[in-house]
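Worksheet: the structure to be examined is printed underneath.
Every number here is computed from the coordinates shown, using simple stated rules; none is lab data. Just so it is clear, the structure is predicted and the values come from calculations on it, not from any experiment. Backbone-built Cβ (ideal geometry, glycine too); neighbour counts: all protein chains shown.
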Amino acid sequence: MRVLSLFLTALLMGQSAVAAPSLVVLVRHAEKASGADPGLTAAGKRRAEALAEALAHAGIRYILSSDAQRTRATAAPLAERLGLQVEAVGFGPGGLAAHRQQLLARVQALEGGVLVVGHSNTVTELAAALGVPKPLPPCETRFGLAWVVLPQTETPPRLLSLRYGEPDPIHEPNAIGEPNVDKTCQ
């Protein structure tokens with residue numbers, strides 16, 4: 001985890017001082033329980049703690065999430081560690097498109113490092129809105145994927161896909177021993 005933090009800190013050192021995010025970290029919420037607005041499972045709570053450890057020294061200055069309990073719970077350990085508030089951005093009547101636009105506007109108005117905790121579809125939509133060409137959505141069984149978008153380094157922005165926490169079940173072999181990898185998601 002410390003290696004990820006040091007890597008992100010080194011990347012930040014090369015960024016310009018223009019009023020815009022220097023990096024945007026996009027993650028899907030951690031493993032969720034069942035129900036209408038579920039919280040996190042025990043594995044999800046461990047993953048949220050792993051995220052806090054991974055990003056503790058990455059220069060995160062703002063944390064955004066959807067208003068779902070699972071996204072706020074995923075962001076909470078890092079927010080507590082850094083003394084930050086989690087800013088929840090709701091879906092509202094405009095649905096996914098309006099939510100993406102609200103998140104994009106908020107992210108672009110911020111300076112420094114920004115963490116956005118969303119859902120499998122919202123992190124993909126936001127990555128695309130930030131200029132990342134054709135990002136594959138996270139698989140439904142993948143929770144330990146962090147996308148680091150470097151918006152000011154080049155056009156299109158650079159995207160780094162990093163892993164944190166315990167391995168996801170997607171890497172376990174299927175019934176005949178082959179890797180269980182879905183090529184339509186990551």
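Some observations on this one:
- Cα gyration tensor shape for the stretch 32-99, rounded if a/c is under 1.5, else prolate or oblate: oblate
- Residues within the reach of a label modelled at residue 102 (point 7 angstrom out along Cα to beta-carbon, backbone nitrogen below 20 Å), restricted to the stretch 117-152, are 117-130.
- Karplus-derived 3J(HN,Hα), 6.51/-1.76/1.60, for each residue of the stretch 61-71, Hz, glycine and proline x: 10, 9, 10, 10, 8, 6, 8, 6, 4, 5, 6
- Mean Cβ count within 10 Å, highest first, over the residues of peptides 21-32, 137-148, 91-102: 21-32, 137-148, 91-102
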